[in-house]
Amino acid sequence: MTKQFKLGLIINPVAGLGGSVGLKGSDNVTEEALALGAEPKSHKRTQAALEVLLPYKEQIQIFTPSGKMGQTLAEEMGFSTEVVLTVGENTSPADTELTVKTLIEQGVDLILFAGGDGTARNVCSAVSDNTTVLGIPAGCKIHSGVYAITPKAAGRVVEMLINGELVTLSDADVMDIDESAFREGVVKAKRYGEMQVPSELRYVQAVKSGGKETDELVLADLSAYVVSEMEDDEYYVMGSGSTVAAIMDEMGLENTLLGVDVVLDQDVIAADCTAQQLIDLTKGKPTKIVITLIGGQGHIFGRGNQQLSPELIRQVGKENIIVVATKRKLQALNGRPLICDTGDSVLDDELSGFIKVVTGYNDHVMYAVGLEEEK
């Protein structure tokens, strides 16, 4: 007889509740969100994941809390279900944490949980090092690498495990932002730990892989990291391009897509600046330049950001240049170096060599910077 797969299931009933009504999260705003007409989404998203597993019902035993934290849905869908914890109508993070501990005691093969970054933090605070988990994305904020790309993708990963397919396990970051600050337009993302996840790259949010299917998620994590590293009282010259625009969007700021803006304390203090304005504004001030690849040839200076003049670059210093790009964009260069074409050949030569490129959350690669290719 085939051994049953012991699946731990946790649903955060209020995950994502604030997103549709513009509250930018669900932390501490449940009543307000419901009053504004928000509808819980975690139930449906969990259902989408479990539907993938319906052909395997006879092989699965679900261990879960009572009611809307898992029991109701699992039983409605016909799964063999065991309640491990009785919870009240108004659930709390403490219920999630206690459930995780109970599921570990039950020896489940995998803990599948539905929620957002706040839920991931709750699970992380109670999980053990050798426990495998996987998140069903159901929250407003999904910066953590412990989530599947979609609810169905989460089901696919569990299906692979049930079928005995080889699935690599790896540690993934748990991250979150301060929702209260976010509602005031300030983004501060922090890393809260890591959890062991099945890292099947087709289905799991591999924020460091740069794969085609995860570009949007990679960009979100890259942006969250750059914003989390921003210092108070420091000027940030934000260059052109969609990757830099994503960082501006992460801060909730208007962006000049084809221009250059200046940010101080996560606020735009000058938009669409000229080269001279940038020099005058940042002279004698702690400043960093944030740039990305412009065009298919890999230009970081001299294409679409001519406002970043040689004088400004020298004033800021090479050590204060932050280059951001997804690994997919770098791979598209097929090994060609990044290009500097500032109009100052001496400066172009000084900028050549290797530079650190931010490719994800606390994820970097070293990449060559060379002179413009010979024609």
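The values are calculated or read from the model by the stated rules, or taken from the named source; none is laboratory data. Please read all numbers here as calculations on a predicted model, not as lab measurements. With ideal geometry, Cβ positions are generated from the backbone for all residues, glycine too; neighbour counts draw on all protein chains shown.
Being of a type in the set (A, V, I, L, M, F, W, C) and surrounded by fewer than 22 Cβ atoms within 10 Å (Cβ to Cβ) narrows it down to one of ILE300, ILE321, ILE291, so name that one. Spell out the reasoning first.
On the way: ILE300 fails: surrounded by fewer than 22 Cβ atoms within 10 Å (Cβ to Cβ); ILE291 fails: surrounded by fewer than 22 Cβ atoms within 10 Å (Cβ to Cβ).
Exactly one residue qualifies, and that residue is ILE321.
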Self-check item: Complete set of residues in the stretch 146-175 that are surrounded by 21 or more Cβ atoms within 10 Å (Cβ to Cβ), modelled with pLDDT of 85 or more and under 19 Å from the mean Cα position of the chain (by Cα)
Solution: VAL146, TYR147, ALA148, PRO151, ALA153, ALA154, ALA172, ASP173, VAL174
Self-check item: Which numbered condition VAL263 misses (of (1) closer than 24 Å to ALA368 by Cα; (2) buried (at least 17 other Cβ atoms within 10 Å of the Cβ))
Solution: (1)
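Rundown of residues vs (1) surrounded by fewer than 16 Cβ atoms within 10 Å (Cβ to Cβ); (2) modelled with pLDDT of 95 or more; (3) under 15 Å from HIS43 (Cβ atoms); (4) touching a helix residue (DSSP H, G or I) at 6+ places or on another chain (Cβ under 6 Å), yes/no style:
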residue	(1), (2), (3), (4)
PHE63	no, yes, no, yes
GLY70	no, yes, yes, no
GLU76	yes, yes, yes, no
GLU82	yes, yes, no, no
LEU85	no, yes, no, yes
GLU89	yes, no, yes, no
SER92	yes, no, no, no
THR99	no, yes, no, no
THR102	no, yes, no, no
Exercise. Go over the candidates SER228, SER223 one by one and state the one that is at pLDDT 70 or above and either under 23 Å from THR168 (Cβ atoms) or in contact with a strand residue (DSSP E or B) (Cβ under 6 Å, 6 or more places away or on another chain) (or both).
Key: SER228
